[in-house]
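Structure first, commentary second.
The values are calculated or read from the model by the stated rules, or taken from the named source; none is laboratory data. Quick caveat, the model's predicted, so the values are computed rather than measured. Glycine also receives a Cβ, built like all others from the backbone with ideal geometry; neighbour counts cover every protein chain displayed.
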Amino acid sequence: MKNTKKLYVKTYGCQMNVYDSERMSEALGENGYEKTLNPDEADMILLNTCHIREKAAEKVYSELGRFKDLKTYNPDLKIGVAGCVAQAEGEEIIKRQPLVDLVVGPQSYQNIADLAANAVEGRKQIDIDFPKEDKFSMLRGVRSAQRGPSAFLTVQEGCDKFCAFCVVPYTRGAESSRPVSRILDEAKQLVDSGVREITLLGQNVNAYHGEGSDGKERSLAQLIWELEKIDGLARIRFTTSHPNDMTDDLIEAHGICKKLMPYLHLPVQSGSNRILKRMNRSHDAESYLSLISKIREARPDILISGDFIVGFPEETDEDFNDTISLIKNIEYGQAFSFKYSTRPGTPAAERDQVSEEIKTARLHELQDLIKKQQKSIQDEMIDRKVQVLFERKGRFDNQLVGKSEYLHAVNVTDPTISVGELKQVHITKSNANSLSGSVVN
Ligand code: SAH
Ligand code: SF4
Ligand code: F3S
């Protein structure tokens, strides 16, 4: 019998880190680690980190500082740093914060159990290699519904696009896709454990080109059609996609695949062609607009979401106004926007920077506009019937919270429904960040 040890995992950054944390917890679970939500009782603390913006990386060091006391009380406690900061900084992390026992980059998680065991024996571990094999196939542990009926499944990792602002190609490495059969096996395990919705993940998920059973490559659309055949799986989503990889078969799938949800996250970053060129995005504002029209032709009710960076080096008022015009043109149902953050080692870090004041002002203006669009699209749901997958209990008695096809949060108070059920809901109210309604019988 193995002794049960407690594992506390804290995850930063994107959904791929959420997925990776689940996989690492499952693998460590095979070695006797049980998850805890309380770091005070942990034998192992794992921070799964993000390097995308300066603040994200700095947070890791301040969090590590807070664990100092825990190590004083429990000298056997081991602290690990995983994720993109681990990849970017490697042994620097241990130099800067000697209480760290283990540093593991995103391409080395197949070694997590051995690394943890060595760390427990008192040997500091650093593994930031980029091995060739599919790390996920080497990770042990059966997939289970860890976050309710909706689950993430990474199908593609890494990026070869090298946008001038971005660290991902350096922290996650070259673009690679997992074979179709492994993804289908994992999806079936998830469905068997109660999952009804799967979100396929990748830094460039629509660049997916994994191997099929005949050795030939499959596109993301072909993978979606394979997943569609799984009984019990009700919904499929994918994120994050790049405009240049939005192929015709994928657009067509949005029109006809019943299980593929009408929501698309398609970051554009800027509406200025000059800036897009300087960002090395290899698409322009016009090609993005016509792509969105084509997608809306295939699926008129699709909700479009995006990412924006304001204050990219050399961005003028005119460039920023082009971004505002593009947003007005598209009408986003959701969007994530960020002030440009200098990342060491990326080309844009060396260029003329925009002042913090201007970045702040532009971010406010852009977010005000997005908020209005978001709210008006949400308000349009009033009196409509949407399909809701209930994910968790709400704050009030008999209240459940779920997501509509369009990823709007929907609250329903009804004692007859339970988590994991899919119901038609008549929307009666649009709140600040959610909708309310009642089940249609
Ligand atoms: N692969 C995705 C994006 C992954 S990073 C894509 O190409 O769309 C997620 C988002 O973080 C990006 O879309 C971008 O808006 C933002 N981001 C990335 N690097 C940044 C930086 N240096 N400063 C500010 N925001 C950044
Ligand atoms: Fe980063 Fe660009 Fe790759 Fe997206 S496409 S991960 S923004 S380099
Ligand atoms: Fe962050 Fe790495 Fe994801 S830098 S956004 S955790 S790929």
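Just checking, does the range 268-285 include any residue being in contact with a Gly (Cβ under 6 Å, 6 or more places away or on another chain) and within 13 Å of ligand 1 (Cβ to nearest atom)?
Quick first cut of the range 268-285, residues in contact with a Gly (Cβ under 6 Å, 6 or more places away or on another chain) only: 268, 285.
Next, from what is left, pick out any that are within 13 Å of ligand 1 (Cβ to nearest atom): 268.
Looking through the range 268-285, at least one residue is in contact with a Gly (Cβ under 6 Å, 6 or more places away or on another chain) and within 13 Å of ligand 1 (Cβ to nearest atom).
Within the range 328-356, being under 29 Å from Gln87 (Cβ atoms), hydroxyl-bearing (Ser, Thr, Tyr) and surrounded by 15 or more Cβ atoms within 10 Å (Cβ to Cβ) holds for Ser337, Tyr340, Ser341, Thr346.
Return the only residue of Leu303, Leu389 being under 21 Å from Leu435 (Cα atoms), in the same structural domain as Arg196 (by TED's automatic domain parsing) and either under 25 Å from the mean Cα position of the chain (by Cα) or within 16 Å of ligand 2 (Cβ to nearest atom) (or both). Show your work before the answer.
Working: Leu389 fails: in the same structural domain as Arg196 (by TED's automatic domain parsing).
Going through Leu303, Leu389 in turn, the sole match is Leu303.
For beta carbons closer than 6 Å, sequence separation of 6+ or different chains, a first residue in the range 263-274 that is assigned by TED's automatic domain parsing to the domain that holds Ser325 and a second that is of a type in the set (A, V, I, L, M) and within 16 Å of ligand 3 (Cβ to nearest atom), the qualifying pairs are Gln269/Ile309. Reported count of residues in the range 175-212, each being over 15 Å from Met16 (Cβ atoms) and within 16 Å of ligand 2 (Cβ to nearest atom), is 1. Which members of the range 94-118 meet the condition of being farther than 15 Å from Val9 by Cβ and assigned to a helix (DSSP H, G or I)? Within the range 94-118, Ile94, Lys95, Arg96, Gln110, Asn111, Asp114, Ala117, Asn118 qualify. Does Leu260 count as surrounded by 20 or more Cβ atoms within 10 Å (Cβ to Cβ) and either away from ligand 1 (no atom under 16 Å from the Cβ) or not assigned by TED's automatic domain parsing to the domain that holds Gly158 (or both)? So Leu260 passes the test.
I need the full set of residues from the range 385-398 which are free of Cβ contacts under 8 Å to residues at least 24 places away in the same chain and buried (at least 16 other Cβ atoms within 10 Å of the Cβ), in order please.
Just the residues of the range 385-398 that are free of Cβ contacts under 8 Å to residues at least 24 places away in the same chain, to begin with: 394-398.
Hit for the range 385-398 is Gly394, nothing else.
What about Glu63, is it out of contact with any strand residue (DSSP E or B) (no Cβ under 9 Å at 6 or more places or on another chain) and within 16 Å of ligand 3 (Cβ to nearest atom)? Answer is no for this residue. Residues that are β-branched (Val, Ile, Thr) and within 16 Å of ligand 1 (Cβ to nearest atom) are absent from the range 56-64 altogether. The number of residues in the range 216-237 being touching a residue at least 60 places away in the same chain (Cβ under 8 Å) and either surrounded by fewer than 19 Cβ atoms within 10 Å (Cβ to Cβ) or of a type in the set (A, V, I, L, M, F, W, C) (or both) comes to 3.
Could you please let me know if Glu58 is farther than 16 Å from Leu28 by Cβ and at pLDDT below 95? Talk me through it step by step, then tell me what you get.
Details: farther than 16 Å from Leu28 by Cβ: yes; at pLDDT below 95: yes.
So Glu58 passes the test.
Out of all the residues in the range 336-350, is one or more more than 25 Å from Lys161 (Cα to Cα) and in the same structural domain as Pro300 (by TED's automatic domain parsing)? For the range 336-350, residues more than 25 Å from Lys161 (Cα to Cα) and in the same structural domain as Pro300 (by TED's automatic domain parsing): absent. For the range 22-56, a residue qualifies if it is within 12 Å of ligand 3 (Cβ to nearest atom) and basic (Lys, Arg), and the qualifying residues are Arg53, Lys55. Of all residues in the range 181-208, those that are under 17 Å from Glu421 (Cα atoms) have Cβ atoms under 6 Å from Cβ atoms of residues that are part of a helix (DSSP H, G or I), 6 or more apart or on another chain, in Ile198/Ala187.
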